[in-house]
Amino acid sequence: MSNDQLDQQVVELDNLNEHREIVTFMRRSSPLNTSQRTALEQYGHLILEYPVGDLRQHFEHPERPLTVEIGFGMGRSLVLMAQANPERNFVGIEVHVPGIAQCVYEAGTAGLSNLRVLDADAIQVLREMPDNSINTVQLYFPDPWQKKRHFKRRFVVDERMELIEQKLEMGGTFHAATDWEPYAEWMLDVLDNRSRLENLAGKGNSYPRPEWRPQTKFERRGIEAGHKINDFIFKKIS
Ligand SMILES: C[S@@+](CC[C@H](N)C(=O)[O-])C[C@H]1O[C@@H](n2cnc3c(N)ncnc32)[C@H](O)[C@@H]1O
């Protein structure tokens, strides 16, 4: 899609949303490949249907700490994290259907029982969660929404962070990463000024890239384009 087409689509979306909420994503349609189509049937039990209520109740061990990843893309890094942390439960939320199918395919073939995914706006899902119920929220390489008139679509803004803070457990963390320097500065500005959050790297700093965070598709693209990667980990302190 050209930039002009994208702009036009966003204008249409804005008009459509005149009386509705501003969303942080654009639905893109692309065909599913064979394994993705098969995965939706074969591993359909890994997909939650919206509305889902309390995400913890969908696991065999609901008492285990819950990680929620917002916008996992094709899901490879989420699957690797779930595989590396069998003592935790993971839920991935995405609106891109081929990504959901790919993630389910990889989770299913790996035999994972601690990962579920769903096709929904993460904001709506978070609203349904009880307060203080999520251990970790991950937001890796969110759409940077580079133009000023699209800034309201950025995920990291005060209003959305207030919701995240409400749903995180005390001591739980919000982990974001971006390769877009202006968004990194924006994130730091928003997050460092949230009184319920503590920057684990110290105010004004990004967190050294944790080696336990697998590289994502958009991270790889950013690195290939010569971008610097910034991680931020904030803990809920009140
Ligand atoms: C730039 S991509 C990054 C994908 C992946 N995290 C990566 O690093 O490769 C951002 C993704 O977030 C998804 N997204 C954005 N806002 C979302 C929301 N509110 N709920 C669910 N998914 C969302 C988009 O559909 C898109 O696939």
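Lys and Arg at +1, Asp and Glu at -1: add these up for the other residues within a Cβ distance under 15 Å of E165 and post the number.
Working: positive: R127, R160, K167, R194, R196, K235, K236; negative: D131, D158, E159, E162, E169, D192, E198.
Residues close to E165 contribute a combined charge of 0.
Determine the dipole magnitude for region 92-157: charges of +1 sit on the beta-carbon of Lys and Arg, -1 on that of Asp and Glu, nothing else is charged, the reference point is the Cα centre, and the result goes in debye to the nearest 20.
540
Give me the one-decimal nm value for the distance between modelled label points at E49 and S35, 7 Å along each residue's Cα-to-Cβ direction.
2.8
Using Cβ contacts closer than 10 Å as the measure, can you line up H150, H96, H45 from fewest to most?
H45, H150, H96
Report the extension gain between S113 and I22 in nm, rounded to one decimal, defined as 0.36 nm multiplied by the number of residues separating them, less their alpha carbon distance.
29.4 nm
Between R209 and K147, what is the label-point separation in nm under the 7 Å Cα-to-beta-carbon projection?
Result for the modelled spin labels: 3.1 nm.
Based on Cβ point charges of +1 for Lys and Arg and -1 for Asp and Glu, what charge dipole magnitude is obtained for the chain about its Cα centre, in debye rounded to the nearest 20?
360
Putting +1 on Lys and Arg Cβ atoms and -1 on Asp and Glu Cβ atoms, find which of T24, M129, A177 reaches farthest to the positive end of the dipole of region 3-236.
A177
If the limit is 24 Å between Cα atoms, which of K167/K235; K147/K167; K203/K228; K148/K235; K147/K235 go over it?
The pairs that break the limit, which is 24 Å between Cα atoms, are K147/K167; K148/K235; K147/K235.
Under a plain spin-label model, where a point goes 7 Å from the Cα along Cα-to-Cβ, how far apart in nm are E185 and K217?
Label at E185, label at K217, 3.0 nm between them.
With just the Cα atoms defining each centre, how far is region 32-50 from region 95-120? Give it in Å.
Spelled out, the Cα-based centre of one part sits 7 Å from the other.
With springs connecting C-alpha atoms under 10 Å apart, model the chain as a Gaussian network and identify which of E162, E224, E106 has the largest mean-square fluctuation.
Of E162, E224, E106, the most mobile in the Gaussian network model is E224.
Coordinate-derived values only; no laboratory data. Here the structure is a predicted model, which means the values were calculated and not measured. FYI the Cβ positions are ideal-geometry reconstructions off the backbone, even for glycines, and counts take in every protein chain you see.
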